[in-house]
Each structure stands twice: as structure tokens, then as C-alpha cells.
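Taking it in order: structure first as C-alpha cells, then the write-up.
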Amino acid sequence: MAKKRMATVWLDGCSGCHMSFLDIDERLLTLAEIADLVYSPLVDAKVFPENVDVTLVEGAVSSEEDLHKIQMVRERTTVLVSLGDCAVTANVPGMRNPFSTKAVYERAYRENVTLNPGVPNEGVPRLLPQARPIHEFVTVDVFVPGCPPSADTIFYVVSELLAGRTPQVGSHTRFGA
Amino acid sequence: MANNRTIVIDPVTRIEGHSKITLHLDDKGEVVDARFHVTQFRGFEKLCEGRPFSEMPSLMARICGICPVSHLIASAKACDALLAVRIPPAADKLRRIFNMAQIVQSHALSVFHLSSPDLVLGMDADPAKSNLWGVFEKDPQLARDGIRLRQFGQQIIERLGGKRIHPAWVVPGGVSEPLSQADRDAILYSIPEALQIAVRTISWFKQVTGSFREEIAAFGNFPSLFLGTVKEDGSIAFYDGKLRIGDATATLVADGLSPARYFDYLGEKVESWSYLKSAYYKPKGYPDGMYRVGPLARLNVADRCGTERADQELAEFKELQRAAILSSFHYHQARLIELLYCIERMEQLLTDPEILSKHVRAVAEPNAQEGVGASEAPRGTLFHHYKIDDHGLVRWANLIIATGQNNLAMNRSVLQVARHFVRGDKLEPGMLNRVEAVIRTYDPCLSCSTHAAGQMALRVQLVAPSGEIVDEVARP
Ligand code: SF4
């Protein structure tokens, strides 16, 4: 049987969901027997490839770049997993939503600065007005809440999906887990 | 006529967070300028506004899933300052262990999961293989050791805090639960194996460095200031102490600085092309006040570690150069020495009977309206600074994160490496991987300051003034 193609993507999250994936420890090596990690912050691929079987997405959609990215990921992925509370609900990144992006930028780049105050604008993606969950922009196939979902949960979900089965997520994790 | 040639590396991979690098070339194909752009911004200094201060440790930990414990600790220390309490001695020691467990897991991640592909497979290795799984094929023991060491640190965090990532155990005034004897014993039981792995890894590393002489010479090898925390006796400190700044000649520029007064001597500058601000040492101005933080800086400014094996390794390390050790390539070895120290030191703390004390939390209402908390995170000194109102709600926050303090040096390093290795007339992927590899030595944590995931191929085009593409390399 051909090896499955798996990817992990990081939008506006803290990387904790990725770290929880690494917390599967030695199982990282067994996972490599059934799937290739074709795109991830952990490997050197620079472009998100075509025909990915399962993609785990961490984080909310918060900037223009996140938006562009999630649309491309959706087009090239069969099963898209919204991994963790930030992806599922916007969670922590969403806490900026009551403030205007202007106010958020000003705090960091004008008020708390000693030299050259001003909002960076050359070659850096602009923030969207609000940080929003992934499913508001693209269709999500599997939701895995948790902040982060435990390593065991992630391993279970990934193994089931790679085996072509539907994971019973609810009995393994919950919001804020 | 000016020839506009730019190389863009986007995203920089095998680092924690999202960034890209642009290299500007002159008409002879020589690199004249380089920029390390950090491309995501998260806004924690604002989004905490209006929330109760007691939420800060758990909320601020969500800045970073790699070093949540560092943020928990710096944040809880800022809250301790708001309460104006002295935390119980057992809580102080437990927090120290917690912090060191995280340094172990984070340093293991940096060395094994992110940088070992460059070290084991070489800087010119096939990008499709340049990852932990590629290392596993070539040297299974090393890959397993990396996974095991990271797991060792994470398991200690889990035993103390209840979960591996984002435990809520560190609270204003101390920690929420004492350590049980069973957990203490289980941690102690795991220490000899971790020590063995650390020692084995250091000797492996010292062997491989021989093949990287050219990289050592060009990877951020320049004078700068170095900043780190030390204890009163001048030994290395991670949880608490005074700041010390040394220069390239190993002369102390400042000593005994109070972290709570960071704003007197540290400034931050905005660059219009990056979401990461650049910190500098104010008395020397910008950009002469460039300083480095993290493992290399800490070992440069500390007189010693204070545990047996780490001190042996440190003595050998300090032989590398007569004064301060300048090349950022040596961050890797410094990281391994710190990792060894943390394992040894955790063992000492865990065998202290006081560690099982049930008195682990001081309770108080806020007694101050402003508080600063600082600690040494894996990547360098971390500051959290909050102001609250009469209701205990946060009104203002400022965070100075390790990676921002290395920003000036990272930019200089990228330029140095690019000038040395990148030839505009004949591009090869290995050249560009070296530009990324120097960034990896700093182990930047961009989720701390910002971050995201990339979307462009690494495609480099050389364009002649006429607009004609002279050369092109692409990497999948
Ligand atoms: S869900 Fe939690 S762990 Fe995951 S990215 Fe968000 S804050 Fe981090």
C-alpha cells in the first residue's frame, strides 16, 4: 500500500498543538512507517504540496497570510483537521477581537517602543480585523478541541484518519482540555 | 545602472515560528544586505487588557507552546510583585525545577528535532531528508536520544504541573499543589538515564564540530555584548538573579542590574520590515548596543555553572576562545552544557527534603499597581511587566522576549553567512540552507513574538537589469 501523505500547518497559534503532536514521542517513528510528513514546520518543504491525505491545522485565521494559506491547504488536502481550540474557536488569538487592529498595533509598535515608533508595513502580512476560527473560511472535516489536545488524542485521531476510519473525537478530548 | 537582485527564503524552516529572509545582491552577485523578517504579530500586550491579573500566567503561557513554562514563571513573578509577597521556599524550588525541566525539553527540541539534520546529514543534504526522520535513518540512536530527552523534560513538567503543555500549576504567590513523594521519586528515578544521554550527546557534538570549521568562522562570528542572569556568586541562574552584561573581550560592562529596572537600560526599536522589534543596550545606543542572550550569552557571562559535570564541560568550552566565545555556531554546544547542568541541578533540588513541603502558596490581595517578572527562558532573558487598576484588572503590559533581544545579532549573522557562502552567479540550495542554519543556532521562538506558516516556495531568481532571468533555483 502506498504511504499516506500527511502535513501540519501553523496559523495563529502558540505552537502548543504542534508540541503536543511531538509529545507522541517514540510514536513519531512508527508514524513514519505509515505516512510521510510532506509539509510541516519540522521539515524543509517550502511549498504546501498537492494531494495531501491528512492535514492538521493549528491556530486561528488572523492575518492575510493565514487566509491565503488556509485556502490553499484546503484545496490540496483530502481530510482537513482543525486542531486545538484556537483553530476550532479562535480561543486566545480571538481575545484581540474586542480591540481594533489599530489599537493592537499601537500598543506594540508605538507605545512600547524606544526608537522609531511605527507599524511595520514592508513585506509583513496585515492583520485581518478579527482572528476567526478556520471553519468560517473553509470546510473543516474533523474538529479536535483542546488547548492543546493531548498527545494521545492526536495520535488516535491521526492513526484513525490514516487508516481511513472516522475518529470518535468527543470521547477523547474537550474544549480547554 | 543599478542591478536589483533579491533572494527570498520563505519560509525559514525548522525553526519555531514564521519568518523569511531576503538577501540583496549587487551587480557582481555579491550579497550587500540581508534582512530577517518576522511575519506574524499576535498582540498579547493589548489582548490582556481589562482581564484580571490572576489570569495572566495561564493566558500569557499561550504566547508559546514551546516555552509556556517560561512565560508562566515570568508572569507569575510579575504577579508576585503585584501581591508584594515572598513565595514559600518550597514553591520557589519547585518553580526552579519546573523551569529547568522546560529548558531541557526545549533545548532537546532545538538540538535534535530542528538542528541535528544539518549536523548529521550535512548542510548540503537533500531537503527532503533534512529532518528528524532523516536523522533516524542515518543514526537511529541519536534520534531516539533526542525524543527521549525531550520526553524526560516534558514528563517532569507533567508530574509537577498535571499536563505537559499549558499546565496551570504556577500561580501568583507560588504553585497550586505540592509535590508528592511518589512523583518526586519517579522523577529522581529518570535522572540517571537523562544524564547519560546528555553526556553522550555532548561527546558526539564535540566530534562533529570538526567538520564545521567554515561555518564556525562565519556563523555570527563577531563582537557583541552578551546578557544573562547570574546568582550572587556569579554562577549561572535561570529562575532569579541579577543581570550581567559582558563584551567580546569578556570584560563586564554592567553587573548587578535589577531585572525590575530593565527599562532603564534596555530599549526596543521598530524596523518597518519586521514584526520583531530589536532590543539594544541603551547606554551604548543603537545599533552599538547590540547584545545576545540565551545559552551562549549565559555561559559567556557566568563564572561557572555550579554542578560537577557541567563545570567540567564549561571549562572545556571556555577554551574555545581566549575571551568571550563569539561564534553563534557555539550556541549548540552551550545549549547542551546548560541541558546537562539543569539535569544535575534538578537532582540536587529534588533530594532536598524541603521540596515535599505542603506550604507552597502565599495568599494576598494586590499590594502594588505595577510589577515586573523576569526569568531566563531557554532562548534568553524574558521580562513581563504589568500595570493593574484598583480592581486588579490589567491596564497595560509590556513583554520583552528573548528572541527580540537577539534580533540585531540574527540580522548581522544572516548577512555574514550570506556574504560568505552565497554567490549570486551560481546558486545552490546548500548555500541558502546555511543562511537558515545560522538562524537555527539562535533557536528563535517566533510564536513568542509573532509567527505563522509559509506559503511560497523557496525560489530564487537572479534578474538582470534588463529583466531577464539569469539564474533560478527552486526547492519544493
Ligand atoms: S489551542 Fe492552545 S495549545 Fe493550541 S495553539 Fe491555541 S493556545 Fe496553543
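Numbers at a glance
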item	result
Long-range neighbours under 7 Å by Cβ, at least six apart or interchain, first residue of a type in the set (D, E, K, R) within segment B:194-214, second part of a helix (DSSP H, G or I)	B:ARG200/B:ASP145
Given (1) within 14 Å of chain B (Cβ to nearest Cβ); (2) within 12 Å of the ligand (Cβ to nearest atom); (3) not β-branched (Val, Ile, Thr), number of the condition A:PHE155 does not satisfy	(2)
Total residues in segment B:50-68, condition crowded, with 20+ Cβ neighbours inside 10 Å and away from the ligand (no atom under 16 Å from the Cβ)	1
Residues of segment B:366-397 that turn out to be assigned to a loop (DSSP other than H, G, I, E, B) and under 18 Å from B:ALA101 (Cα atoms), as a count	2
Residues that are more than 9 Å from chain A (Cβ to nearest Cβ), of a type in the set (Val, Ile, Thr) and within 16 Å of the ligand (Cβ to nearest atom), drawn from segment B:150-176	B:ILE157
Filter pass, B:ARG322 being charged (D, E, K, R) and more than 17 Å from B:ILE191 (Cβ to Cβ)	yes
Residue that is nearest to the ligand (Cβ to nearest atom), among those in segment A:69-127 that are hydroxyl-bearing (Ser, Thr, Tyr) and assigned to a strand (DSSP E or B)	A:SER82
Residue in segment A:59-67 that is within 16 Å of the ligand (Cβ to nearest atom), touching a strand residue (DSSP E or B) at 6+ places or on another chain (Cβ under 8 Å), part of a helix (DSSP H, G or I) and on the phi < 0 side of the Ramachandran plot present	yes
Qualifying residue in segment A:50-57 (condition: assigned to a helix (DSSP H, G or I), away from the ligand (no atom under 12 Å from the Cβ), over 21 Å from B:ASP10 (Cβ atoms) and hydrophobic (A, V, I, L, M, F, W, C))	no
Unique match (being modelled with pLDDT of 90 or more, more than 20 Å from the chain's Cα centre (by Cα) and surrounded by 16 or more Cβ atoms within 10 Å (Cβ to Cβ)) among A:VAL81, A:VAL119, A:VAL157, A:VAL140	A:VAL119
Tally, over segment B:335-365, of residues that are under 16 Å from B:SER180 (Cα atoms) and part of a loop (DSSP other than H, G, I, E, B)	6
Selection count, segment B:126-149, where residues are touching a residue at least 24 places away in the same chain (Cβ under 8 Å) and within 11 Å of chain A (Cβ to nearest Cβ)	9
Tally of residues being farther than 12 Å from A:VAL52 by Cβ, more than 7 Å from chain B (Cβ to nearest Cβ) and modelled with pLDDT of 95 or more across segment A:23-40	2
Set A:ALA45, A:ALA60: member being within 11 Å of chain B (Cβ to nearest Cβ) and without any contact (Cβ under 8 Å) to a residue 12 or more places away in the chain	A:ALA45
Filter result for the condition that a residue is at pLDDT 95 or above, crowded, with 16+ Cβ neighbours inside 10 Å and of a type in the set (Ser, Thr, Tyr), over B:SER224, B:SER203, B:SER258	B:SER224
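One line per residue, one yes/no per condition, for (1) buried (at least 20 other Cβ atoms within 10 Å of the Cβ); (2) touching a residue at least 12 places away in the same chain (Cβ under 8 Å); (3) touching a Cys at 6+ places or on another chain (Cβ under 6 Å):
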residue	(1), (2), (3)
B:ALA315	no, no, no
B:LEU326	yes, yes, no
B:HIS330	yes, yes, no
B:ILE337	yes, yes, no
B:TYR341	yes, yes, yes
B:LEU356	no, yes, no
B:ALA362	no, yes, no
B:ASN367	no, yes, no
B:GLY371	yes, yes, no
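The values are calculated or read from the model by the stated rules, or taken from the named source; none is laboratory data. All figures in this text were calculated on a predicted structure; none of them were measured in a lab. With ideal geometry, Cβ positions are generated from the backbone for all residues, glycine too; neighbour counts draw on all protein chains shown.
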